[in-house]
1. Note the per residue figure in Å³ for the convex hull of the C-alpha positions in the stretch 232-374.
2. Measuring from a point 7 Å past the Cα of residue 192 along Cα-to-C-beta, which residues in the stretch 127-149 have an amide N at less than 19 Å?
3. Can you tell me how much longer the chain between residue 164 and residue 291 gets when fully stretched, taken as 0.36 nm per residue apart minus their C-alpha distance, in nm with one decimal?
4. Please state the shape class of the chain: rounded when a/c is under 1.5, otherwise prolate if a/b exceeds b/c and oblate if not, all from the C-alpha gyration tensor.
5. What is the Cα radius of gyration of the stretch 61-163 over 2.2 N^0.38 Å, N being its residue count?
6. Arrange 276, 348, 385 by Cβ neighbour counts within 10 Å, fewest through most, would you?
7. Between residue 76 and residue 210, what is the FRET efficiency for a Förster distance of 51 Å, r being their Cβ-Cβ separation, to the nearest 0.05?
8. Please identify the trypsin sites (Lys or Arg not before Pro) of the stretch 137-172 that satisfy two criteria: DSSP loop assignment and at most 16 other Cβ atoms within 10 Å. Which are they?
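Nothing in this text is a laboratory measurement; each read-out follows from the coordinates by a stated rule. Given the structure is predicted, the values throughout are model-derived calculations rather than measurements. We place every Cβ from the backbone using ideal geometry, glycine too, and count neighbours over all the protein chains shown.
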Amino acid sequence: MHLLPLTFTRPVAELRAGITTVFEKWQRWFPNSVSCLAPDYIKPVFPVTVSADNILIDGSIIPDQQMVSAILQLKENSVLTDADNNILAARLSESQVQGLLLFSEYLDLSQLRPQSIETIRTHTAITNPWDLFSMAGDLLKDDFLFLTKDRKSAPLHASNRYVNPENIFIEEGAVVEFSILNASSGPIYIGKDTEVMENCVIRGPFALGEHSTLKMSSKIYGPTIIGPHCKVGGEVNNSVFLGYSNKAHDGFLGNSVIGEWCNLGADTNNSNLKNTYEEVKLWSYVKKGFASTGLQFCGLIMGDHTKCSINTMFNTGTVTGVSCNLYGDGFHRNFVPSFSWGSTAKLTDFQFEKAMVVAERVMARRGLQLTDSVRNMLNHIFSHTEEWHNK
């Protein structure tokens, strides 16, 4: 629950943590054998594969050699814990896993009675939504090294100006012309079939996912990660787009995480620093109230399928749920429940069927369909977030 609203619509491992998702990172170590064990309402969208021998891993953990080695050494019916006795991984038989498959919200392994327990002292994990932008620089650099190892970048067009070209990698099919790329503070990765339009200024670390577009005269401050199939423009600082979302016009976005299928209208702006320079508090679905982040800079956390109109303003430390439609002048409240429709003056419910019509139209623009499994997943979220509606 600590990663809501981003994990309303995906397993934790499907979060973009660096250039790639956590899931894709684990696939490097366990090729062709990774799937996500998710709550029942998400399983049809992200199906799980069970075999005779299964390793269950906390989906928030970022793999490294030490972690993978510790996991591979586990024997059947054994678990790996951290120094606080939190279970990080378990090796279980098919019959043991089958008993865990049915769970309504979050998997609880505390009832396991393992034959042996191993402990690892240090590990890296995504435990809060803001970790995705706070840790973006290190995660991006690690992915950059892996994705570009022993490979040669496509040539950088002569019309560009650049610093540290050895720290810039252009995938095949990418178009980058008449822009400034400064990789002195971190690597710049331009994905396959992307476009960086004229007069963009990019300061790394930065990654542009495949089939994404950086609009003309964009100003990007790293570390920033734009996932696949996005259109982004204006000024962006230390933010993460998970994928399939647009911020195509001018406006500032800082220290933020934007889910999938979101759209930020022209001149949408968010605050990422309080006037008092105090620590930012963010809505917590665990505490059902605002909780400290330990951050001075924290902007907007936006759930999937949420849209906002032109000139929308978001205050420091704002959380919006899934499938909201927001407009109006002034600052929106710091917590906007899922399936909210309205202005800063009044919010009402976004009727489910109308929300699905919008989702169908938006996905069709990317050549994708709103499947029954995704529709049912969203319907579950609508039904199980009613306690927050109209509040």
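1. Details: hull volume 16.1 nm³, N = 143.
Normalising the Cα hull of the stretch 232-374 by residue number yields 112 Å³.
2. What the label zone holds, given the 19 Å backbone N cut-off, is 143-149.
3. Here the answer is 41.7 nm.
4. Here the chain falls in the oblate category.
5. That ratio works out to 1.53.
6. 276, 348, 385
7. 0.85
8. Taking the stretch 137-172 and a limit of 16 other Cβ atoms within 10 Å, the loop trypsin sites (Lys or Arg not before Pro) found are 149, 151, 152.
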